[in-house]
Amino acid sequence: MAVEGGALGLLAYLMQPMFDDIFVAGEKSAVFLVAVSVSGLFLARAAAGLFQKILTATAARRVSGEIQRDLVAHMVTLDGEFYHQNSPGVLLERVRGDPAAAANIISSLFSTFGRDMVSVVVLLGVAINIDWVWTLIAIAAAPILFFPVLVLQKLIRKISRNARNAAAKLSTRLDEMFHGINTVKLNGTEGYESRRFNTEVETLVDAELKTTAATAGLPAIVDVASAIGFFGVLSYGGVQIIDGDKTVGEFMSFFTAISLLFDPIRRLGALSGQWQTAVVSLERVYSIFELRPQIRSPNKPVDLPADPKLADLTLDNVGFAYGDQEILRDVSFVAQAGKTTALVGVSGAGKSTIFNVLTRLVDAKSGHVKIGGTDTKAFDLTELRSLFSVVTQDAQLFDESIKDNILLGGETSDEFLTTALTAAHVADFLDNQSDGVDTMAGPRGSALSGGQRQRVAIARALLRDTPILLLDEATSALDAKSESIVQAALEKLSEGRTTLVIAHRLSTVRGADKIIVMDQGMVVDQGTHQDLIKRDGVYKNLYRLQFSEEK
């Protein structure tokens, strides 16, 4: 970059012998030397420019990649609350858009300060060497740039922030539209979704155009100062040439130096606007890095129970709320080790939140959650979660093979894998898949049916082989025949393990060792199926309602 920038100064310097010695004095011997020098400068500048562009582009891409990797590595450690507050589209823009926008400044920054600053220094040196008075006249208008540039910088940062927010909203709109495409089609809202997307696009385009216009204003101000400087130099220097005080070669050398000088200065001015845009993206990136998870391991974690299969799960006056919305209120019960405890109640009673509290996806606001008598907050977070296998009603699969979705980065023998596939009845549908267990599940498991996704999730839990099972409507997506088979497999898996089951269909939990009845975030009753039926309470009303609906 120094070679590329310095070449401009040498080019301007060669203008004087070209005009004075060749064109005016007519020295033919100097023609070849000057021609070779000028040509050599252009060749050197071409080579230097090629390599610097490759190097700065490489640096920019690598920096962007490093930021993205570090950002994702940090974001996955953040609590669930962070993901409640930020939609996937917003997070996608934070990971992809902001680091890319921030890294783009690297090419401009290095090019400007590595090449253009050298050019400015060398060209100024040439101009001063010819005539320092002319140089002062040429740059006399420079101070008028300060205030307008300051105002534009603040404006650019504000507009750029609006543009990044608009880009995040656009990503969110796309994410929601594509994930909900079946709902869009079934409700005939394609036109409505397109119009909403168009609105977001117009907002983004408007913000980006304003950013471009404001950024373009910076070099435009430089051009105004250049016009004033050239006017002064031509008015003053032209008279000196006519009077014979200066040669044509000196003027052409000076004129070339000043002409070339304002181009890097314009780029420096433009860089100021680009920097403001990059700062906005950097602020958004750093705001993520500054976040810290509130749910984390203690400084000195205690050891897990010697045999977690023999450890009771205890909730002691547990309370939890999302903001002002109270979800759990003084929840207390014991899930005995090695037995099955069912959680039942209407939707919104707080059953799934109990699973989140047990695994510390969220922390209770009050009360204590214990395993084997020890508060779960005393355990190492990773070790605590290693005790649980979870199967939810929304089977979470990834755009990987069925096998990878079961292993989740782990390893096992073919024998154990086959056993899990058979027990979860995944093997029943593998013969119909193009690549068997290596068949791609598709984005969010979209290549599989709901029942198939559920069975893959159950196979995952079977293979994980943990002492505690959390089953949230684990058979909800299966037909009657498959439900019966998988239910039997889950019952076998539950033997000797502590199992908590969330169920809306009470017929599936009648054999549970204990049933916890919840209503409006509270435990209103507990006992066996027979005990609860005899009490004629909430459970019996739920059971009677479901029984009448099934009939």
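Using a Förster distance of 35 Å, how high is the FRET efficiency between residue 27 and residue 149, based on the Cβ-Cβ distance and rounded to 0.05?
So, using R0 = 35 Å, E works out to roughly 0.15.
Compute the whole-percent fraction of alpha carbon pairs in the chain spaced more than 30 Å apart.
67 percent
Out of the DSSP beta bridges found with both residues in the chain, what percent are antiparallel (nearest 5)?
Of those bridges, close to 55 percent are antiparallel.
Sequence gap at least 6, Cα distance under 8 Å: using those rules, report the relative contact order of region 158-299 to the nearest whole percent.
Relative contact order of region 158-299: 34 percent.
Among all the lysines, which ones have a C-alpha under 30 Å from residue 246's C-alpha, if same-chain residues fewer than 8 places away are not counted?
28
Once both axes come from the Cα atoms, what is the angle between helix 146-179 and the longest principal axis of the chain, in degrees from 0 to 90, rounded to 10?
Helix 146-179 sits at roughly 30 degrees to that axis.
In terms of Cα to Cα distance under 17 Å, which aspartates and glutamates are near enough to residue 185, apart from those fewer than 8 places away along the same chain?
Partners found: 175, 176, 193.
Nearest 500 deg cm²/dmol is fine: what mean residue ellipticity at 222 nm does the chain get from its DSSP H runs of n ≥ 4 alone, each adding -39,500 (n - 2.57), divided by its residue count?
Working: 20 runs with 328 residues, N = 551.
Per the formula, -20000 deg cm²/dmol.
Using a simple spin-label model with points 7 Å from Cα along the Cα→Cβ vector, what separation in nm is obtained for residue 491 and residue 34?
Label-label distance for residue 491 and residue 34, simple model: 10.2 nm.
If you count only protein heavy atoms and use a 1.4 Å probe, how large is the accessible surface of residue 75, to the nearest 10 Å²?
Result for residue 75: roughly 10 Å² accessible.
How far is it, in nm, from the label point at residue 194 to the one at residue 133 when both lie 7 Å from their Cα along the line to the Cβ?
Taking the simple label geometry, residue 194 and residue 133 are separated by 7.1 nm.
Given a 1.4 Å probe and heavy atoms of the protein chains only, how would you sort 121, 149, largest accessible area at the top?
121, 149
What's the extension gain from residue 121 to residue 431 if we count 0.36 nm per residue and subtract their Cα-Cα distance?
On the way: separation 310, 0.36 × 310 = 111.60 nm, distance 7.33 nm.
Here the segment from residue 121 to residue 431 would lengthen by 104.3 nm.
For residue 154, list the lysines whose Cα falls under 29 Å from its own Cα; do not include residues on the same chain fewer than 8 positions away.
Partners found: 169, 210.
Step through the table entries 339/370; 300/370; 481/540, compare each Cα-Cα distance with 23 Å, and write down the pairs that go over it.
In this structure, 481/540 exceed 23 Å between Cα atoms.
If each residue of separation counts as 0.36 nm, what is the full-extension length gain between residue 296 and residue 398 once their alpha-carbon separation is subtracted?
Here the answer is 34.1 nm.
Assuming R0 = 51 Å, what is the FRET efficiency of residue 72 and residue 332, from their Cβ-Cβ distance, to the nearest 0.05?
Once rounded, the FRET efficiency stands at 0.85.
If every alpha-carbon in region 171-228 counts as one equal scatterer, what log10 I(q)/I(0) does Debye give at q = 0.17, 0.21 1/Å?
Reported log10 I(q)/I(0), two decimals: -0.66, -0.81.
For residue 158 paired with residue 545, estimate the spin-label separation in nm (one decimal), with each label point 7 Å from Cα along the Cα-to-Cβ line.
Between residue 158 and residue 545, the label points sit 5.5 nm apart.
Could you state how much accessible area residue 286 has, in square angstrom rounded to the nearest 10, with a 1.4 Å probe and all protein chains kept in place?
Accessible area of residue 286: about 120 Å².
Could you tell me how many degrees, from 0 to 90 and to the nearest 10, lie between the Cα long axis of helix 480-494 and the main elongation axis, the longest principal axis, of the Cα atoms of the chain?
For helix 480-494, the angle is close to 90 degrees.
Tilt of helix 98-111 relative to the longest C-alpha principal axis of the chain, in degrees (0 to 90, nearest 10)?
20 degrees
The values are calculated or read from the model by the stated rules, or taken from the named source; none is laboratory data. Quick caveat, the model's predicted, so the values are computed rather than measured. Neighbour counts are summed over all protein chains in view; Cβ atoms, including those assigned to glycine, are modelled from backbone coordinates with ideal geometry. Each accessible area value is taken on the protein alone, full model and side chains, heavy atoms only, with ligands, DNA and RNA left out. Shrake-Rupley method; radii C 1.70, N 1.55, O 1.52, S 1.80 Å.
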